[in-house]
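Encoded as structure tokens, the structure appears first; notes follow it.
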Amino acid sequence: MIVKLLLDRKREGQALAAEDIRALVAAYTKGDVPDYQMAAFAMAVCCRGMDDAETLALTEAMRDSGTCLDWTGFPPSADKHSTGGVGDKLSLIIQPLAAACGLAVPSLTGRGLGLTGGTADKMESIPGYVAGLSLAAYHRVVADCGCTLTVQTGEIAPADKKLYALRDVTGTVPSIPLIVASILSKKLAEGAQTLVFDVKCGAGAFMKTRADAQALAAALVKGARGAGRKSCALVTQMDEPLGFAVGNANEVREAIDVLRGRSTARDVIDLSVEFAARMVSLAKDMDLAAARDLCRTNLENGSAYARFARMVELHGGDLAAFREKLLSPVEAQMVTAPTEGHVASVDANGIAQAAFELGAGRAKSDDTIDALAGVDLCVTRGSAVAAGAPLARLSTTTRPEKLAVAAELVRAAITVSPTPPTVRPLILEEVL
Ligand code: URA
């Protein structure tokens, strides 16, 4: 393989052979191809695209750059992957719920870089919870309780880690084939045989437009099927945050409330059931309506919460200490409604920026997250409010000087108008 010739071909819009893509990825992972050539490759793909066969070859080459896990001998395995959104605590509910319905759910998840924490950060707000497990411990946790939320190690798809860092600084993140190969290589290496994707769309999402979200959803499903997995995707709205809590510990609290039947966050409850039902339906070849009933039953009868509590215990977490932690003193401020009316919109991006100002996210990978920082909304789109009624409570333990600026962001993010807004669907479309 002569890298320069591959670059010439891609620059001219030609398709590359699978064996050339495999050789390129293997050589880059070993350090035999320099970053400047790989950056040129990423830019050529951004500009010229890749066909399905090339995308699959890139995905499988990146998957095979590290360890691939095998769940033979376990119940049918499945996972859900979200492209990420504001207040997205769905994995904390869906993974134990799917496990309670008889699946093995070996979720490898990430720490967040950006406005709010990732799933691993949220789980680590539980005192003692260790998200980074050895592969042996990770297998033991799934064998015991059926699910895990373990942080991804460097052994899984190392080519993606290296290439993503390069894409991040070379303006080559927004390319559907590169995004698909990046997401899928990790999910395929994780080994789950069914993959359900939540592609979020809107102001608080990576994909801002419906057309982009649709294209990514279709490409993820096609790629997963091409690699032999069962798969479907839902494109879901992310103009408004999910649920009421945006942060880390408060999101865990909200997820626990859903699992214990104590939450009024309809969007979180309904989407959790819809995603878990698709995992169960595909993994067990079960009718979707029957899978949905099974999920509702296991959410309502406490089975999903029991799986969650056991998973936390196996990861070293202490839920009693977590409840105590939620009572710790914080610096707080309320934001109230300027006038009487109806909440017309809650801008997810503005709420996430406020949470970030308060310390809930990280700008650099070595920044520390304030687990108790965040925004707790008191309203949702459509709520009727009186003048002066609470709209949101802001909390921080590390950045009290940011409360005023965060309050301004939240005020600007929540629009109150005289008439109620129209009802919008949570699921914009399904890609089968
Ligand atoms: N998330 C990923 O894991 N990879 C991408 O390329 C984009 C989002």
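The values are calculated or read from the model by the stated rules, or taken from the named source; none is laboratory data. What you are looking at is a predicted structure, and each value in this text was computed from that prediction instead of being measured. Using ideal geometry, Cβ is built from the backbone for each residue, glycine included, and neighbour counts are taken over all protein chains shown. Please note that ligands, DNA and RNA were not included when accessible areas were found on the heavy atoms of the full protein model with its side chains. Shrake-Rupley method; radii C 1.70, N 1.55, O 1.52, S 1.80 Å.
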note = All-but-one check, Ala120 against (1) within 16 Å of the ligand (Cβ to nearest atom); (2) in a loop (DSSP other than H, G, I, E, B); (3) surrounded by fewer than 24 Cβ atoms within 10 Å (Cβ to Cβ); (4) among the small types (Gly, Ala, Ser), failing number (2)
query = Which of (1) open to solvent by less than 40 Å² (accessible area, probe 1.4 Å); (2) more than 23 Å from Asp318 (Cβ to Cβ); (3) more than 14 Å from the ligand (Cβ to nearest atom) is the odd one out, the single condition Gly154 does not satisfy?
reply = (1)
request  = Could you give me the residue pairs with C-beta distances under 6 Å whose first residue belongs to the range 82-102 and is more than 20 Å from Ser231 (Cα to Cα), whose second residue is outside any helix (DSSP H, G or I) and within 16 Å of the ligand (Cβ to nearest atom) wherever it lies, and which are 6+ apart or on separate chains?
outcome  = Gly85/Lys200; Gly85/Gly204; Gly85/Ala205; Gly85/Met238; Val86/Gly204; Asp88/Ser82
ask   = Got a sec? Which of Ala213, Ala249, Ala217 is in contact (Cβ under 8 Å) with a residue 12 or more places away in the chain, in contact with a Lys or Arg (Cβ under 8 Å, 6 or more places away or on another chain) and within 16 Å of the ligand (Cβ to nearest atom)?
value = Ala213
remark   = Only unsatisfied item for Gly66, checking (1) within 16 Å of the ligand (Cβ to nearest atom); (2) part of a helix (DSSP H, G or I), is (2)
ask   = So which strands (runs of 3 or more DSSP E) are wholly in the range 383-432 and hold at least 2 residues that are surrounded by fewer than 17 Cβ atoms within 10 Å (Cβ to Cβ) and in contact with a Leu (Cβ under 7 Å, 6 or more places away or on another chain)?
value = 427-431
request  = Scan the range 199-239 for residues that are open to solvent by less than 60 Å² (accessible area, probe 1.4 Å) and part of a helix (DSSP H, G or I) and report the count.
outcome  = 11
note = Selection from the range 167-191 of residues out of contact with any Leu (no Cβ under 9 Å at 6 or more places or on another chain), more than 11 Å from the ligand (Cβ to nearest atom) and in contact (Cβ under 8 Å) with a residue 24 or more places away in the chain yields Thr170, Gly171
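Among the residues of the range 90-97, is there at least one that is at pLDDT 95 or above, farther than 30 Å from Ala18 by Cβ, outside any helix (DSSP H, G or I) and outside the structural domain of Glu357 (by TED's automatic domain parsing)?
Among the residues of the range 90-97, not one is at pLDDT 95 or above, farther than 30 Å from Ala18 by Cβ, outside any helix (DSSP H, G or I) and outside the structural domain of Glu357 (by TED's automatic domain parsing), which makes the answer no.
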query = Any idea how many residues of the range 56-104 are open to solvent by 20 Å² or more (accessible area, probe 1.4 Å), farther than 20 Å from Val268 by Cα and among the β-branched types (Val, Ile, Thr)?
reply = 2
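Do the conditions hold for Met38, that is, is it out of contact with any helix residue (DSSP H, G or I) (no Cβ under 8 Å at 6 or more places or on another chain), touching a residue at least 12 places away in the same chain (Cβ under 8 Å) and outside the structural domain of Arg253 (by TED's automatic domain parsing)?
Taking the combined requirement at face value, the residue does not satisfy it.
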Counted residues, the range 105-117 - those being over 11 Å from the mean Cα position of the chain (by Cα), under 16 Å from Ala224 (Cβ atoms) and open to solvent by 10 Å² or more (accessible area, probe 1.4 Å) = 0
note = With criteria (1) farther than 23 Å from Asp318 by Cβ; (2) touching a helix residue (DSSP H, G or I) at 6+ places or on another chain (Cβ under 8 Å), Val105 comes up short on (1)
request  = Run down Leu319, Leu314, Leu271, Leu326 and say which single residue is in contact (Cβ under 8 Å) with a residue 24 or more places away in the chain, of a type in the set (A, V, I, L, M) and surrounded by 23 or more Cβ atoms within 10 Å (Cβ to Cβ).
outcome  = Leu271
query = Out of (1) open to solvent by 10 Å² or more (accessible area, probe 1.4 Å); (2) among the aromatic types (Phe, Trp, Tyr); (3) within 14 Å of the ligand (Cβ to nearest atom), what's the single condition that is false for Phe244?
reply = (3)
request  = Say whether the condition of being farther than 21 Å from Ala265 by Cα, in contact (Cβ under 8 Å) with a residue 40 or more places away in the chain and in contact with a helix residue (DSSP H, G or I) (Cβ under 9 Å, 6 or more places away or on another chain) is met by at least one residue in the range 380-398.
outcome  = yes
